[in-house]
Amino acid sequence: MESKSCRNSLAVKTSHVLPPDTNNHGTLFGGKLMAHIDDVSAIAAVRHARKLVVTASTDSVDFLEPVREGDSVCVEAFVTWTHTTSMEVFAKVVTENLLTGERKVCTTAFSTFVAIDEDGKPTAVPEVYPETDQEKELHRSAPERAEQRKQRRKNSKEMAATFGTVYPWNE
């Protein structure tokens, strides 16, 4: 399988923030922005793997600036690192006041996707290689994030086993 550049997977989507997308503060619902991020990140993962993918985890979604009604949001995502069947995707969201032209990075996020075959089983993905300084830094630091994900997943499984599916007062 031939390796591919980070740039090869780049996916971009710009959306207008309309009243139904906002909360009582006049800012974009966080969940709505997370849906945009997951959508664009999944496209980047499919572009890299050229296979179906599923979201395995979202490491972080850091909301840095508010996104106001009437603004636009531009989500850019690309594959930064790969393992055997998984891909780490970095997403950056830029909000723009369409009347003034002021632009700010409002959100960053890391997600992991797993490529699957037609039977829904994990399948191999090509390696990715960085070209720019920013891509190289994300690629260099990816194994540490992968280890953190692994530990967090272990902790989540332990938490799920502890709490189970029934609340104690419902037994």
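The values are calculated or read from the model by the stated rules, or taken from the named source; none is laboratory data. In this text, all values refer to a predicted model and were calculated from it rather than measured experimentally. Every residue, glycine among them, receives a Cβ derived from its backbone with ideal geometry; neighbour counts consider all protein chains shown.
Would you mind telling me which numbered condition in (1) of a type outside the set (G, A, S); (2) exposed (fewer than 13 other Cβ atoms within 10 Å of the Cβ); (3) at pLDDT below 95; (4) outside any loop (DSSP other than H, G, I, E, B) R153 fails?
(2)
What number of residues within region 119-140 satisfy the criterion of being part of a helix (DSSP H, G or I) and surrounded by fewer than 12 Cβ atoms within 10 Å (Cβ to Cβ)?
As a first pass, look at region 119-140 and keep what is part of a helix (DSSP H, G or I): 133-140.
Cutting the leftovers down to surrounded by fewer than 12 Cβ atoms within 10 Å (Cβ to Cβ) gives us 133.
Of the residues in that region, 1 qualify.
Being within 10 Å of the chain's Cα centre (by Cα) and either modelled with pLDDT of 95 or more or buried (at least 24 other Cβ atoms within 10 Å of the Cβ) (or both), is that true of even one residue in region 19-34? Please lay out each step first, then the result.
If we filter region 19-34 for residues that are within 10 Å of the chain's Cα centre (by Cα), which is where we start, we get 34.
With either modelled with pLDDT of 95 or more or buried (at least 24 other Cβ atoms within 10 Å of the Cβ) (or both) added as a condition, the list becomes 34.
Checked region 19-34: at least one residue is within 10 Å of the chain's Cα centre (by Cα) and either modelled with pLDDT of 95 or more or buried (at least 24 other Cβ atoms within 10 Å of the Cβ) (or both).
Could you identify the single residue in T55, T112, T95 that is modelled with pLDDT of 95 or more, touching a helix residue (DSSP H, G or I) at 6+ places or on another chain (Cβ under 8 Å) and buried (at least 21 other Cβ atoms within 10 Å of the Cβ)? Walk me through how you get there before you give the answer.
Values: T55 fails: buried (at least 21 other Cβ atoms within 10 Å of the Cβ); T95 fails: touching a helix residue (DSSP H, G or I) at 6+ places or on another chain (Cβ under 8 Å).
Testing whether each residue is modelled with pLDDT of 95 or more, touching a helix residue (DSSP H, G or I) at 6+ places or on another chain (Cβ under 8 Å) and buried (at least 21 other Cβ atoms within 10 Å of the Cβ) leaves just T112.
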